[in-house]
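Beneath this line is the structure, given in structure tokens, with notes to follow.
The values are calculated or read from the model by the stated rules, or taken from the named source; none is laboratory data. Computed from a predicted model, the values in this text were never measured in an experiment. Quick reminder, even Gly has a Cβ in these numbers, built from the backbone with ideal geometry, and neighbours come from all protein chains shown.
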Amino acid sequence: MNNFWKNKKIFITGIDGFVGSNLAKELIIQKAKVFGLIKRKKNSLIYFENLDKKMNLYKGDITNKKLLKKILKENKIEICFHLAAQVEVGKANKEPFSTFETNIRGTYSLLDSINHNKNYVRSIIIASSDKVYGTYPKKYLPYKEDYKLKANFPYEVSKACCDMISKSYAGELFKLPIIITRFTNIFGPGQLNFSALIPDIIRTIILNKNFIPRGDGTAVRDFIFVKDIVSIYLLLSKKLYMNKNYAGEIFNAGTNKPITVKKIIEKILTQNKKHEQLIKILALMKSAKTTGEIPHQFMDCKKISRYFKWKPSYTFERGIKETINWYKKYITK
Ligand SMILES: NC(=O)c1ccc[n+]([C@@H]2O[C@H](COP(=O)([O-])OP(=O)(O)OC[C@H]3O[C@@H](n4cnc5c(N)ncnc54)[C@H](O)[C@@H]3O)[C@@H](O)[C@H]2O)c1
């Protein structure tokens, strides 16, 4: 237990999302006063675990400046986490306009609202993404924080804009206390976007269904457990609250252990003794083609460990075990 968070007034956008709900859960345990923005009521860990009664929720859109100003002012918000976003890559490809509205306009709506309520806010964490780096030839990997953003597809571009807009508000004109995070793929309890690889494969195992691979499994990625991400968020936010010189900093984070999608699938199915299912999936993968995906993506995480001695505490195996147990309860309920 860390006394720092007790009674701190925290605002989380996207609080009913995967990462937001896990963050809110930990902040409630730490006795913070948690306020959150939700777009509309939907399936979420916050309702499944009855956390909604322990927080103050506002319904509205992230582009609604009037509402954002009201939340910030009325509650004297001191710390913000901006997680609200349209995160589905496929949807972004089909509906770039609404993705840009949410991810770009949403970001400057929030930051501009804070800019008008500067008195209280001392720490703002902006969730950018590893996708902002776009595609680099393999020899340049892992991505470092000072690499040029080479986003190309709509989701990547929307997050790159969110990232740069945040940098601008942290700069010499507005001097907002902002840290930007670029994390790798996250997994864990509460991830209810079943178009993502790990929720999809876990659902397949629990319901004994067929898993349709989206590619040949050669894509290289890095997957980090959500509790490690929550620990980084709390760490960075607290450091920034205590020392505004961290404003404008960007931090990558991941496990530093890149892995192929095929290996991930093998690990999950083997750990759960689903050998027959695994043989079928591997056979399907042989004839599957990977399209529209960055082939290799993982990040250099030396900066965050150099600054704060941070390193992940969960192994993939431990994280996945906790995750599967959570989905079992969720799916059977
Ligand atoms: N999950 C990952 O692997 C990952 C990796 C890197 C970065 N990120 C970033 O972390 C953040 C959280 O991701 P997540 O996985 O929890 O996604 P999520 O989709 O589970 O959560 C996003 C939340 O934003 C809300 N939202 C969407 N449009 C909105 C709007 N117009 N107004 C108000 N709220 C709106 C959604 O309702 C949802 O609750 C995102 O910004 C994402 O880009 C996620």
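Details
- Hits in the stretch 60-91 (condition: modelled with pLDDT of 95 or more and farther than 21 Å from Leu111 by Cβ): none
- Residues located in the stretch 126-142, provided they are surrounded by fewer than 21 Cβ atoms within 10 Å (Cβ to Cβ) and either aromatic (Phe, Trp, Tyr) or touching a Gly at 6+ places or on another chain (Cβ under 8 Å) (or both): Tyr136, Tyr140
- For the criterion of being among the aliphatic types (A, V, I, L, M) and within 9 Å of the ligand (Cβ to nearest atom), Ala92 fails.
- Here the stretch 103-150 is the region considered, the condition is being under 15 Å from Gln86 (Cβ atoms) and small (Gly, Ala, Ser), and the residue that is farthest from the ligand (Cβ to nearest atom) is Ser109.
- Filtering the stretch 103-125 to residues that are in a helix (DSSP H, G or I) and surrounded by 23 or more Cβ atoms within 10 Å (Cβ to Cβ) leaves Asn103, Gly106, Thr107, Leu110, Leu111, Ile114.
- The set of residues in the stretch 73-89 being out of contact with any Cys (no Cβ under 8 Å at 6 or more places or on another chain) and either over 14 Å from Gly36 (Cβ atoms) or away from the ligand (no atom under 12 Å from the Cβ) (or both) consists of Lys73, Glu74, Asn75, Lys76, Ile77, Glu78, Ile79, Cys80, Gln86, Val87, Glu88, Val89.
- For the stretch 181-213, a tally of residues being in a loop (DSSP other than H, G, I, E, B) and within 10 Å of the ligand (Cβ to nearest atom) returns 7.
- Residue identified as of a type outside the set (Lys, Arg) and either at pLDDT 95 or above or buried (at least 22 other Cβ atoms within 10 Å of the Cβ) (or both) among Ile205, Ile212, Ile198: Ile198
- Just so you know, in the stretch 151-180 the residues that are aromatic (Phe, Trp, Tyr) and away from the ligand (no atom under 11 Å from the Cβ) include one that is surrounded by the most Cβ atoms within 10 Å (Cβ to Cβ), and it is Tyr169.
- Residues within the stretch 6-58 that are in a strand (DSSP E or B) and either in contact with a His (Cβ under 8 Å, 6 or more places away or on another chain) or away from the ligand (no atom under 13 Å from the Cβ) (or both), tallied: 7
- Condition check for Lys31 on (1) at positive phi; (2) surrounded by 21 or more Cβ atoms within 10 Å (Cβ to Cβ); (3) not aromatic (Phe, Trp, Tyr): one failure, at (2).
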